[in-house]
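See below for the structure under consideration.
The values are calculated or read from the model by the stated rules, or taken from the named source; none is laboratory data. Model, not experiment: these values are computed from the prediction. Using ideal geometry, Cβ is built from the backbone for each residue, glycine included, and neighbour counts are taken over all protein chains shown. For the accessible areas, the whole protein counts, side chains as well, though only heavy atoms, and no ligand, DNA or RNA atoms are used. Shrake-Rupley method; radii C 1.70, N 1.55, O 1.52, S 1.80 Å.
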Amino acid sequence: MLNESLVIRKVSQSVLQGYLGLHSEPLPHLERQQKFESNEVGVIIQIVGQMEGQVLCTMGKETVKQIISRMICGFEIHQLDEMYWSAFQEFGNWIASGIATELSAQGIMVNITHPIIQEGNSIIHSPYKYLVVPISTEIGIIKIYIKLDIK
């Protein structure tokens, strides 16, 4: 059986530390819930193939700016524009493709879709229950919501 929490913890540490040089500390995961509570900005990616589902990474705007700044060699970000949104989509790709790689290592073949950016505080209700794994970093908390089902 797939341990989604363990996969998220492993992938988030690899991405945050390996690509961005951030220390990350997974906080106790929240039990499955039927709504996303987005904190200002999110990137949503579908998982398709032998398993299907969604991954949503959500965080505050200042955290997004810090992530993008680290992605582009430390330049200070004052305002998010199309170029920076594209960089943030790539961050979502790093997380989702890491999950896809972990699933592949377990013999589950999946792919990911193009990321969608969500901006603004919102609550997204779903008929499905998502596992929420909050990750603490020195630039803010990142919440990763995941829901996967065998097709």
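Of note:
- Here is the figure for the stretch 99-114: residues that are within 13 Å of Gln46 (Cα to Cα) and of a type outside the set (A, V, I, L, M, F, W, C) total 3.
- Any hit, the stretch 43-53, residues being closer than 16 Å to Tyr19 by Cβ, of a type outside the set (Asp, Glu), touching a helix residue (DSSP H, G or I) at 6+ places or on another chain (Cβ under 7 Å) and in contact (Cβ under 8 Å) with a residue 60 or more places away in the chain: yes
- Within the stretch 33-78, if we keep just the residues that are assigned to a strand (DSSP E or B), open to solvent by 50 Å² or more (accessible area, probe 1.4 Å) and out of contact with any Leu (no Cβ under 9 Å at 6 or more places or on another chain), the residue that is nearest to Ile150 (Cα to Cα) turns out to be Val48.
- Filtered residues of the stretch 115-147 (kept if of a type in the set (A, V, I, L, M), open to solvent by 30 Å² or more (accessible area, probe 1.4 Å) and under 12 Å from Ile44 (Cα atoms)): Ile116, Ile117, Ile124
- When restricted to residues that are open to solvent by 10 Å² or more (accessible area, probe 1.4 Å) and in contact with a Leu (Cβ under 9 Å, 6 or more places away or on another chain), the stretch 6-27 contains 3.
- First in the stretch 121-148 and at positive phi, second anywhere and open to solvent by 20 Å² or more (accessible area, probe 1.4 Å) and at pLDDT 90 or above, Cβ under 7 Å, 6 or more apart: Gly140/Glu62
- Across the stretch 107-151, the qualifying residues are those that are in a strand (DSSP E or B) and acidic (Asp, Glu), and the one among them that is nearest to Leu16 (Cα to Cα) is Glu119.
- Flag for Ser104 being closer than 18 Å to Asn3 by Cα, open to solvent by 20 Å² or more (accessible area, probe 1.4 Å), at pLDDT 95 or above and not in a strand (DSSP E or B): no
- Matching residues in the stretch 74-83 - criterion: being over 11 Å from Lys61 (Cβ atoms) and either among the small types (Gly, Ala, Ser) or touching a Lys or Arg at 6+ places or on another chain (Cβ under 9 Å) (or both): Gly74, Glu76, His78
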